[in-house]
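Structure first, then comments.
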Amino acid sequence: MVKIDLKGQVKEFESGITPAQVAKSIGMGLYKSACAARIDGKTCDLRTPITEDCALEILTFEIEDGKKAYWHTTSHILAQAVQRLYPGTKFAIGPSVDTGFYYDFDLPSPISMEDLPKLEDEMKKIIKEDIAIERFEFSPEEARREMAGQEYKQELIDEHAGNGEKISFYRQGDFEDLCAGPHLMSTGVVKAVKLTAITGAYWRGDSAKKMLTRIYGVSFPKQSLLEEHLQKMEEAKKRDHNKLGRELELFTTCDLVGQGLPILLPKGARIVQLLQRFVEDEEQKRGWLLTKTPFMAKSDLYKLSGHWDHYLDGMFVLGDPEKDKEVFALRPMTCPFQYQAYLNKKRSYRDLPLRYDETSTLFRNEASGEMHGLIRVRQFTISEGHLMCRPDQLEDEFKSCLELTTFMLKTLGLYEDVSYRFSQWDPNNREKYIGTTEQWDEAQGVMKKILDHLEIPYSIGIDEAAFYGPKLDIQIKNVFGKEDTLITIQIDQMLAEKFGMEYTDKDGSQKNPYIIHRTSIGCYERTLALLIEKYAGAFPLWLAPVQVKLLPIADRHLDYLYEVKKALEDKGMRVEIDDRSEKIGYKIREAQLEKVPYMIVAGDKDIENNTISVRHRSEGDLGSMTLAAFVEKAVSEIDSKEIK
Ligand SMILES: [Zn+2]
Ligand SMILES: [Zn+2]
């Protein structure tokens, strides 16, 4: 017998019982909505035999990992439909993603958006057939035989075959796929499905490899939930930074320059400049010292830092390591450069903490298939910083880094949208990390203590740490629900030793400082993308690239408005005048579309009374007022960084 703890209620079951059977014993409702299980905190399949006492949770669609299993199962249903409709297809991979699922296919002949309804109908048939999904295992040899002719699966089998372990497969009727799971119990658990997009995607995201057909979709346990979701996605499309940011002339991209290398246009560059000034000034107030370090260094520097061994794929190397005497690389982060600033002279315990910040432009060689707008780019600028401190200062300093990010997020109106992830190493993936188990236990222990002390609600990400230390990742979702890391704060007790960074302690002994790696607002391009989507382009006044648009009713009002323009510009405001001979209603509509916060209209009466008529993009007509009254109002809104 095994004792199973179900949310605090302990029950006894026969050894070997599966979570699916446990769910059934509780009720058919739970069984039918079960997507996956969690045994002692680890997500697993509903078919996993339980042979030891444990805590068990049945995961339904409402729980993140349950939803993933649900969406991933739907990707198999899609693959089965493709197998039925397009015989001869070669199958690649079909994971769940933040916003649903996709499957990559190598089809015998191309298909388009118009073919998706047909595929959807076939999927609905498979769902209606309510085919049982079974799990089984093959040895690598059996797996290779089973997947004969499926070259992508063969490649995946070869990767898994290394340790000689059995490879798990899932079968539903005439379709089977090698897969780690977990999966739903039958195809009928899926109720409502929609295929949403079809794109090209390179196998393994590598442009040197074959271009496959990627079909995206989403599914729900209820039709009404699907409809709600589709409506939300329609709304999100209007806010998509990659579309809206171009329409508002904030940025553009150009094939001749290259993928993942966006060009910030004057309005976008202005916003980034404003953010940058804000961040640098705030950091200065909090005791950070600005450095300015090179964009590149000799390979020796990265060899010492570990980047050469652990991050080479992500780096742009200048020169040929085989032929050239000296090879350089563009920097993927600033850490080893700022360490040189620390090493510039001898440090004593009294010099610590030492806080270095930098507005760093960094370069990362992302796979070409991964590039997206301002979010996935190859060159970006980040508010980076490294803080060297003594062990007794670590908690306070970590806290102050976190306070700084909180302040930034609140100011930008993003604070409510973030969640926290404590990213830890994976002791089973030693190759990825430097340092000893003891060092990792210590660094993670310190970080856990700090996070618990600060009462931060966090999730845990295994194998998500930096190669030199654990991270607190501040995660944010974009309008489509896709999650990305916005900000990270890391504790590192390994690199100081590697670089010979020391300080003389009170007792005269030499010690290595702790290093905190952190960003305060993350990378400016990504933050700009989030702000575009958050505000649908209607930025708060202090960030708006154009703050006031001046609209004369007729040409004879122009001179008056040029004076107004000069007065506002003298106050540091960003002003444009629409001097076209268009109707005033038309000019107002255009300014609204550009999301300019304030519009100032002037006509005969305004000139006569020495006033201006003011409109706000969301509050509408604010009536007439003196220029001085408007300036006072606007300046106070800018200074307080008000969001409206
Ligand atoms: Zn699967
Ligand atoms: Zn760093």
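The values are calculated or read from the model by the stated rules, or taken from the named source; none is laboratory data. Computed from a predicted structure; not experimentally measured. Glycine gets a Cβ as well: all are built from the backbone with ideal geometry, and neighbour counts include every protein chain shown.
List of remarks:
- Y170 meets each of the listed conditions (1) of a type in the set (S, T, Y); (2) away from ligand 1 (no atom under 12 Å from the Cβ); (3) surrounded by 14 or more Cβ atoms within 10 Å (Cβ to Cβ) apart from (2).
- All strands (runs of 3 or more DSSP E) inside the range 456-573 with 2 or more residues being in contact with a His (Cβ under 7 Å, 6 or more places away or on another chain): 483-492, 514-523
- Apart from one condition, G445 fits all of (1) under 22 Å from T485 (Cβ atoms); (2) surrounded by fewer than 16 Cβ atoms within 10 Å (Cβ to Cβ); the exception is (1).
- For the residues D484, D492, the requirement of being over 18 Å from P336 (Cα atoms) and surrounded by 14 or more Cβ atoms within 10 Å (Cβ to Cβ) singles out D484.
- Hey, K511 among the charged types (D, E, K, R) and crowded, with 22+ Cβ neighbours inside 10 Å or not: no
- Screening D104 on (1) modelled with pLDDT of 95 or more; (2) charged (D, E, K, R); (3) more than 29 Å from the chain's Cα centre (by Cα) shows it passes everything except condition (3).
- Residues of the range 436-469 satisfying the condition of being hydroxyl-bearing (S, T, Y) and touching a Ser or Thr at 6+ places or on another chain (Cβ under 9 Å): Y458, S459, Y468
- Enumerated strands (runs of 3 or more DSSP E) restricted to the range 175-249, each holding at least 1 residues that are more than 16 Å from ligand 1 (Cβ to nearest atom), at pLDDT 95 or above and over 21 Å from the mean Cα position of the chain (by Cα): 192-202, 211-220
- When residues of the range 486-508 are limited to those that are within 16 Å of ligand 2 (Cβ to nearest atom), polar (S, T, N, Q) and over 16 Å from the mean Cα position of the chain (by Cα), the one farthest from M388 (Cα to Cα): Q490
- Taking the numbered list (1) crowded, with 16+ Cβ neighbours inside 10 Å; (2) within 10 Å of I553 (Cα to Cα) in turn, P597 passes all entries but (2).
- Candidate set: the range 49-101, residues that are in a loop (DSSP other than H, G, I, E, B) and crowded, with 22+ Cβ neighbours inside 10 Å; chosen: the one nearest to ligand 1 (Cβ to nearest atom): G94
Let's see how each residue does on (1) surrounded by fewer than 15 Cβ atoms within 10 Å (Cβ to Cβ); (2) on the phi > 0 side of the Ramachandran plot; (3) in contact (Cβ under 8 Å) with a residue 60 or more places away in the chain; (4) not aliphatic (A, V, I, L, M):
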residue	(1), (2), (3), (4)
K399	yes, no, no, yes
T411	no, no, yes, yes
Y458	no, no, no, yes
A465	no, no, no, no
L472	no, no, yes, no
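- Among the residues of the range 477-485, some residue qualifies, meaning at least one is closer than 25 Å to L531 by Cβ, of a type in the set (D, E) and either in contact (Cβ under 8 Å) with a residue 24 or more places away in the chain or within 16 Å of ligand 2 (Cβ to nearest atom) (or both).
- I460 in contact with a Phe, Trp or Tyr (Cβ under 6 Å, 6 or more places away or on another chain), at pLDDT below 95 and in the same structural domain as F407 (by TED's automatic domain parsing): yes
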